[in-house]
Amino acid sequence: QNAHLRVIPSFRCSIAVMKIETLKTGALTLDPNNARKHSGESIEAVADSLRLFGLQKPIVVDSENRVIAGNGTLQAALSLGWESIQAVRVPADWSPEMITAFAIADNRTAELSEWNKEVLAEQVLNLEEEDFVLDWLSVEPAVYKPEKVLEEFPAFGEESATSHRCPKCDYEWNGVTK
């Protein structure tokens, strides 16, 4: 049970009320040890998301205003000229190791998920029908669209020929059943 917590067995987080603060972007410091690197393309995509949806989840900072989670979001906000941003602080009783572990978990957990491609394709197609443009996501549309299905498949039976080649000796044979 909770094997992922075995490194810090005595530590248990409690649910706390988050206090959202509005901080000056110039007073914040990007984490120089952030393990997640952001390309220009990813910062542009986040900036486009901020333009379209605004900031819907605050970044996370420590007591010294160093960004723990949301480094890419802050970079995108700065690129848009934002002078302030909403943030929450890590709990005051967290050790530096706990803060680092949280930063890694924040970046890594989304990578452990996978897309339900059928649902995603349906949602994207529905959005496109409503003229909702997703180009700014910098993702090939083919990723979202279902593969084209052949309307008719050739008949397959005992007389269907298949040819084979042995990868070791190059011997060829035909798989027609007689």
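The values are calculated or read from the model by the stated rules, or taken from the named source; none is laboratory data. All values derive from a computational prediction rather than experimental measurement. Positions of Cβ are generated from backbone atoms using ideal geometry, with glycine treated the same way; all protein chains shown enter the neighbour counts. For the accessible areas, the whole protein counts, side chains as well, though only heavy atoms, and no ligand, DNA or RNA atoms are used. Shrake-Rupley method; radii C 1.70, N 1.55, O 1.52, S 1.80 Å.
Points worth noting:
- With one equal scatterer per alpha carbon and no solvent term, the Debye-computed log10 I(q)/I(0) for region 32-83 at 0.17, 0.20 1/Å reads -0.51, -0.69.
- ³J(HN,Hα), Karplus 6.51/-1.76/1.60, whole Hz, each residue of region 86-91, x for Gly, Pro: 7, 8, 10, 9, 5, x
- Of the accessible area of region 40-95, computed with a 1.4 Å probe over protein heavy atoms only, carbon and sulfur atoms account for 47 percent.
- Listed peptides 24-36, 84-96 by packing density, highest first (mean Cβ within 10 Å): 84-96, 24-36
- Amide proton proximity set for Ile68, modelled H, under 5 Å, gap of 5+: Val60, Val61, Asp62
- Segment Met98-Lys19, extension gain: residue separation times 0.36 nm, minus the distance between their alpha carbons: 26.5 nm
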